[in-house]
């Protein structure tokens, strides 16, 4: 796959992640200059999982984010579209529950979860608005959603420097750190083409979430979006 438009083939995206599953976490740590761990901590705090709650971690990859969520005592389900990611995750974390599934058609009943989260995966979904609607469907009344995703730095000079890094520096680093640099070239394009923070917030409101807001991390390179389903009357 060489273009990151929103008509991307789910089969191609899954195959791409199958090919990078083994070294995915290591490469991300290198490419993010160590920030991936900080973004994960911020996401867990935003989800605020409690003992006894059920949490769905979509696009969980090999389960690194799910492990961090499960430390709270919550029951965490790690879902990913890539069979390779799920297989690698089960090897690394046999105590976690992994499910291979499509974010646009979640294999769960209505109102199963207290919280749903997705980190750096929504932009890889063919129809992200459909995935957001599915997140709302599987949440309980008053349930919470947290989306951590690459975004657009609000300052023009910083945004220009960030795009230059994506275009010129990261491909060179990926060529050294990854076994599949072409896959990361796609990821760079998907980051560049992803909508800005206010638009994603609007998608959440349109899906019926309340109290929607977002917080920029690392000067807006990443943003945390949050919302809640309407409470039961």
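Overview of values
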quantity	calculated
Those residues of the stretch 202-225 which are touching a helix residue (DSSP H, G or I) at 6+ places or on another chain (Cβ under 9 Å) and on the phi > 0 side of the Ramachandran plot, in sequence order	208, 218, 219, 220
Members of the stretch 70-90 found to be touching a helix residue (DSSP H, G or I) at 6+ places or on another chain (Cβ under 6 Å) and either surrounded by 24 or more Cβ atoms within 10 Å (Cβ to Cβ) or more than 21 Å from residue 107 (Cα to Cα) (or both), listed by number	76, 78, 80, 82, 85
Residue match in the stretch 103-111 (condition: assigned to a helix (DSSP H, G or I) and in contact (Cβ under 8 Å) with a residue 24 or more places away in the chain)	no
Subset of the stretch 185-223 [part of a strand (DSSP E or B) and over 25 Å from residue 142 (Cα atoms)]	217, 222
Single match in 101, 142, 52 (criterion: exposed (fewer than 15 other Cβ atoms within 10 Å of the Cβ), over 18 Å from residue 227 (Cβ atoms) and either modelled with pLDDT of 95 or more or out of contact with any helix residue (DSSP H, G or I) (no Cβ under 9 Å at 6 or more places or on another chain) (or both))	52
Pairs where the first residue, in the stretch 178-201, is on the phi < 0 side of the Ramachandran plot and at pLDDT below 80 and the second is surrounded by 20 or more Cβ atoms within 10 Å (Cβ to Cβ) and not in a helix (DSSP H, G or I), C-beta under 7 Å, 6+ apart	184/178
Filter result for residue 119 (touching a strand residue (DSSP E or B) at 6+ places or on another chain (Cβ under 7 Å), closer than 20 Å to residue 190 by Cβ and surrounded by 22 or more Cβ atoms within 10 Å (Cβ to Cβ))	yes
Checklist (1) assigned to a helix (DSSP H, G or I); (2) surrounded by fewer than 22 Cβ atoms within 10 Å (Cβ to Cβ); (3) at pLDDT 95 or above applied to residue 131, failing item	(2)
Pick from the stretch 135-165, criterion part of a helix (DSSP H, G or I) and touching a strand residue (DSSP E or B) at 6+ places or on another chain (Cβ under 7 Å), ranking: farthest from residue 60 (Cα to Cα)	138
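Each row is one residue, and each column tells you yes or no for (1) assigned to a loop (DSSP other than H, G, I, E, B); (2) touching a helix residue (DSSP H, G or I) at 6+ places or on another chain (Cβ under 8 Å); (3) surrounded by fewer than 18 Cβ atoms within 10 Å (Cβ to Cβ); (4) modelled with pLDDT under 95.
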position	(1), (2), (3), (4)
27	no, yes, no, yes
30	no, yes, yes, yes
36	no, yes, no, yes
39	no, yes, no, yes
43	no, yes, no, no
62	yes, yes, no, yes
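The values are calculated or read from the model by the stated rules, or taken from the named source; none is laboratory data. Here the structure is a predicted model, which is why all the values come from computation and not from measurement. We place every Cβ from the backbone using ideal geometry, glycine too, and count neighbours over all the protein chains shown.
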